[in-house]
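The values are calculated or read from the model by the stated rules, or taken from the named source; none is laboratory data. From a predicted model like this one, the values you see are computed outputs, not experimental measurements. Glycine gets a Cβ as well: all are built from the backbone with ideal geometry, and neighbour counts include every protein chain shown.
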């Protein structure tokens, strides 16, 4: 890392080593004087969340508030959609490429079906007043066999990344996908003069992981909001487009959770990633005052962070 013009440059500087540095700095200054809080450092928060999941399986506590140091440009991130990542395999019927009407192309079947499912999932049916509509991303596709280009492919697989609202469940997604594939397969059987009953094979769906949305009320963040306003000068609330550990912990333990960290968050994972030193100092002050506040709450009436 290097410091240039009030910035610290380096991979991970804003996401999330800057916030970690702020926590470590304040712990050296205030740790002996405060109580009733826990520092949690995890790994793999970008994809499979192995760290937070291991912690949640091994511990069972109920903090009054959990704050994660994701880069937020000094704003409070109290909401984001959930996620369903799934692998869907559809089966067709092989035939010679010169007579494709004698078979059912699994790649075309799956693409046509996925398009229909996407239209439904991203519609207003599953829209949430806080989180908006679900999103649907076809992230990966594989079909046919290498070298067998003169055959109609009878198998294809896709990986779907679906960002969800509380209205969309895994079971609903499974039903939508299976029903749409079945519908499109039947249409192709009718078009090609094939027997549906003897030809159709149920699609397979493997769910890689599911995490629910983060929806923390502003009312439960009043103490943090007051501190941010005092130390930063203004309070802003934002919605993350990604999944965060705050959502996972809040869903699992049923406690208020949010993200609050430095910026610029748009520099995360970029070649010239940097964090503003001024932001780090402000984050440190907010974290410090927050710990003092909840330590005082513990002495008065119980609570924690």
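Data for the structure
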| item | result |
| --- | --- |
| Filtered residues of segment 253-291 (kept if in a loop (DSSP other than H, G, I, E, B) and either in contact with a helix residue (DSSP H, G or I) (Cβ under 6 Å, 6 or more places away or on another chain) or outside the structural domain of residue 220 (by TED's automatic domain parsing) (or both)) | 256, 261, 262, 263, 268, 273 |
| From 17, 75, residue being within 30 Å of residue 166 (Cβ to Cβ) and either out of contact with any strand residue (DSSP E or B) (no Cβ under 6 Å at 6 or more places or on another chain) or modelled with pLDDT of 95 or more (or both) | 75 |
| Hits in segment 60-80 - residues which are farther than 12 Å from residue 237 by Cα and not in a loop (DSSP other than H, G, I, E, B) | 66, 67, 68 |
| Cβ pairs under 8 Å, 6+ apart, first in segment 62-90 and on the phi > 0 side of the Ramachandran plot, second in a strand (DSSP E or B) | 73/238 |
| Residue within segment 161-170 that is under 16 Å from the mean Cα position of the chain (by Cα), touching a residue at least 60 places away in the same chain (Cβ under 8 Å) and in a helix (DSSP H, G or I) present | yes |
| Residue in segment 127-156 that is nearest to residue 167 (Cα to Cα), counting only those that are surrounded by 17 or more Cβ atoms within 10 Å (Cβ to Cβ) and out of contact with any helix residue (DSSP H, G or I) (no Cβ under 8 Å at 6 or more places or on another chain) | 128 |
| Among (1) part of a helix (DSSP H, G or I); (2) out of contact with any strand residue (DSSP E or B) (no Cβ under 8 Å at 6 or more places or on another chain); (3) not assigned by TED's automatic domain parsing to the domain that holds residue 70, the one test that residue 149 misses | (1) |
